[in-house]
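Asks: The structure is given below, and queries will be raised subsequently.
Every number in this text was worked out from the coordinates using simple rules, so none of it is lab data. Given the structure is predicted, the values throughout are model-derived calculations rather than measurements. A quick note on method: Cβ atoms are made from the backbone with ideal geometry, for glycine too, and the neighbour counts reach across all protein chains shown.
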Amino acid sequence: MSTSLYAQRRARLAAQLGPDGIAIIPTAPERQRNRDSEFLFRFDSYFHYLCGFCEPNAWLVITSEGHSTLFCNPKDLEREIWDGIRLGPEAAPAALGVDAAFSVAELEQRLPKLLENKAAVWYPFATHTGLESRIDTWLKAVRARVRFGALCPQAQRDLCGPLDEMRLIKDAHEIAMMRRAAQISAGAHVRAMQLCARMLREKQDVREYHLDAELLHEFRRHGSQYPAYGSIVAAGANACVLHYRADNAPIRDGELVLIDAGCELDGYASDITRSFPANGKFSGPQRALYELVLASQEAAIAATQPGARFTDPHEATVKVLTQGMLDLGLLDRNQVGTLEDAIEHRHYFAHYMHRTSHWIGMDVHDCGSYVEPSEIGQISERRDPLSGETLQNRPSRILRPGMALTIEPGLYVRPSDHIPREFWNIGIRIEDDAIVTADGCELITRDVPVAANAIEALMRG
């Protein structure tokens, strides 16, 4: 990506720092996996959003005047033999478009000088362990110079606020990257679904990890750096565990399989869930529940449009799902009452216990407030019928073009004497990624089929 786009982002942020403001943003730390082996490094999203630099052990400093300074690892030929080529501070200004760059070894010396005579210091609160203490140390060094006429920042501000608002609306580059990540992930789902049916037809032993391997293969084959999150491959009753991880459970003929998986490409996530018959053919009860979840998703998609509230897709989903639960006998009308009663008292929660959407972008659960900023002072109270707690409600976010969110209704039926046996141990979730547009939303993950008949046709191939 052109360095000019990062420069534009830094300039937009600088304009929000106020007179004599300064922002400090570290990248993520390297994390030890065991002994002398580290986890694969992944940069901090805020940091990368502002400069595009992928190396560890780096810091970015931005002033309200728009001046940007990078601290990074220096060139070191011996370490580069082991860990790879470093950009180094000498090459960083030209390569990244920052105004100045220094060795990270100079951080402790230079930060107090950069903080001198600033009115406010901004940094992301509660995101980096120990960051507050380091800033306190630098401020202490500044305060020690007040007798020489230095001014110490009088305010500390949370940088997450302005950055979250910036990242919530995706620009054209981000949307293009998310489309590509979604395309790769959709191809991985197709590959896993077809493999599952083929292995069963050939009487092979099929395990969850076989499908997980197909996902990973397709992600990397098309240039994705890693999965956006731990892939869920859940066979049979395992699909009723919301955060189940791909394991070694057998996939049996006649079961449903739920795959929730997406790749990350150049810092942008995708997030797709499909539920499908392992052998390629839905049974009657499986299809009935599947069609219900799909109908609820279509209702949510219709509700995802500019001017709507973030909660509108969820409310549309709940209405369709709850009616279906009553019609199919998952909820007993004699016990829960009418549709309105079942929704008001959250009886649907027994089979649908998560929200329908979350923001998506650089992080799979991306940053951004779910409360409408212009209405944040409007508070109402309600009593939660399940917990009995009194909860405070604030107006939900108004959807605007460029926002990106998932739409993922589900239905999870565990064994119970009050539920028809043919529905036991069926877990279904259908998830797509949506970009809010001027007149609705664009689903960027539909390269993998979603209709029951289309899934069966795909798996026959």
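Asks: Using Cα-Cα distances under 8 Å and only pairs 6 or more residues apart, what relative contact order does segment 59-107 have, in percent?
Replies: 41
Asks: Can I ask one more? I need to check one value: relative contact order of segment 169-460, counting alpha carbon pairs closer than 8 Å and at least 6 residues apart, in percent. Please report the intermediate quantities before stating the final value.
Replies: On the way: 632 pairs, mean separation 67.8, N = 292.
So the answer I get is 23 percent.
Asks: With a cut-off of 15 Å, note down the residues of segment 111-125 whose backbone N falls inside the zone around a label point 7 Å from the Cα of A100 toward its beta carbon.
Replies: 111-118
Asks: Give me the distance in nm between label points sitting 7 Å out from Cα along the Cα-to-Cβ direction at R333 and D447, one decimal.
Replies: In this crude label model, R333 to D447 measures out at 4.6 nm.
Asks: Here's another thing I want to ask about it. Assuming R0 = 30 Å, can you tell me the calculated FRET efficiency for the pair R414 and D158, based on Cβ-Cβ distance, to the nearest 0.05?
Replies: 0.15
Asks: Pull up the cross-link candidates among the lysines for K75, meaning alpha carbon to alpha carbon under 28 Å and not fewer than 8 places away within one chain.
Replies: K113
Asks: Same structure again: Give the order of F41, F423 when sorted by the count of other beta carbons within 10 angstrom, beginning with the fewest.
Replies: If I rank by nearby Cβ atoms, fewest first, I get F41, F423.
Asks: Along the charge dipole of the chain, which of Y123, L242, L326 sits closest to the positive end, that is, farthest toward it, with unit charges on the beta carbon of Lys, Arg, Asp and Glu (+1, +1, -1, -1)?
Replies: Y123
Asks: Now for a separate question. Which of the GluC sites (Glu not before Pro) found in segment 147-225 are in a DSSP loop and have at most 11 neighbouring Cβ atoms, other than their own, within 10 Å?
Replies: E202
Asks: Over what distance in Å are the Cα centres of segment 1-68 and segment 202-220 separated?
Replies: Centre-to-centre distance over Cα atoms comes out at 36 Å.
Asks: Name the residues whose placed amide hydrogens come within less than 5 Å of the amide hydrogen of R207, ignoring near sequence neighbours (fewer than 5 apart) on the same chain.
Replies: Long-range HN contacts for R207: I251.
Asks: What percent do you get for the relative contact order of segment 3-166 when only Cα pairs under 8 Å and 6+ apart count?
Replies: 23
Asks: Between E30 and L242, what is the FRET efficiency for a Förster distance of 30 Å, r being their Cβ-Cβ separation, to the nearest 0.05? Intermediate results must be reported in sequence, preceding the final value.
Replies: Working: r = 30 Å, r/R0 = 1.01.
The pair E30/L242 has a calculated efficiency of 0.50.
Asks: Using only alpha carbons, build the gyration tensor for the chain and give me the equivalent ellipsoid semi-axes, biggest first, whole Å.
Replies: Equivalent-ellipsoid dimensions as semi-axes: 46, 28, 19 Å.
Asks: Same structure, new question: Which peptide among 371-379, 254-262 comes first, and what is the full order, when sorted by highest mean count of other Cβ atoms within 10 Å?
Replies: Working: 371-379: 11.2, 254-262: 24.4.
In descending order of packing, they fall as 254-262, 371-379.
Asks: Next question. Ranking L17, L411, L328 by Cβ neighbours within 10 Å, fewest first, what do you get? Please list the in-between numbers first.
Replies: Numbers: L17 23, L411 26, L328 18.
Listed from fewest to most nearby Cβ atoms, that is L328, L17, L411.
Asks: Separate question: Please give the net charge around S357, taking every other residue with its beta carbon less than 14 angstrom from that of S357, where Lys and Arg add +1 and Asp and Glu add -1. Mind showing how you got there, number by number?
Replies: On the way: positive: R309, R355, R397, R429; negative: D271, D312, E315, D366, E408, E431, D432, D433.
Every neighbour counted, the sum reads -4.
Asks: Can you give the net charge of the other residues whose Cβ lies under 12 Å from the Cβ of Q154, counting K and R as +1 and D and E as -1?
Replies: Charge balance in the 12 Å sphere: +2.
Asks: Which percent of the Cα-Cα distances in segment 3-166 go past 27 Å?
Replies: It works out to 24 percent of all Cα pairs.
Asks: Using helices alone, what [θ] at 222 nm do you get for the chain, with -39,500 (n - 2.57) per DSSP H run of 4 or more residues, divided over all residues and rounded to the nearest 500? Walk me through the numbers on the way to the answer.
Replies: Details: 14 runs with 162 residues, N = 461.
Value at 222 nm, helices only: -11000 deg cm²/dmol.
Asks: Okay, next question. Give the order of D266, D44 when sorted by the count of other beta carbons within 10 angstrom, beginning with the fewest.
Replies: D266, D44
Asks: If Lys and Arg each add +1 and Asp and Glu each add -1, what is the summed charge of the other residues whose beta carbon sits under 11 Å from the beta carbon of I25?
Replies: 0
Asks: Only Lys, Arg, Asp and Glu count, each charged at its Cβ (+1, +1, -1, -1), so figure out the dipole size of the chain about its Cα centre, rounded to 20 debye.
Replies: So the magnitude is around 460 debye.
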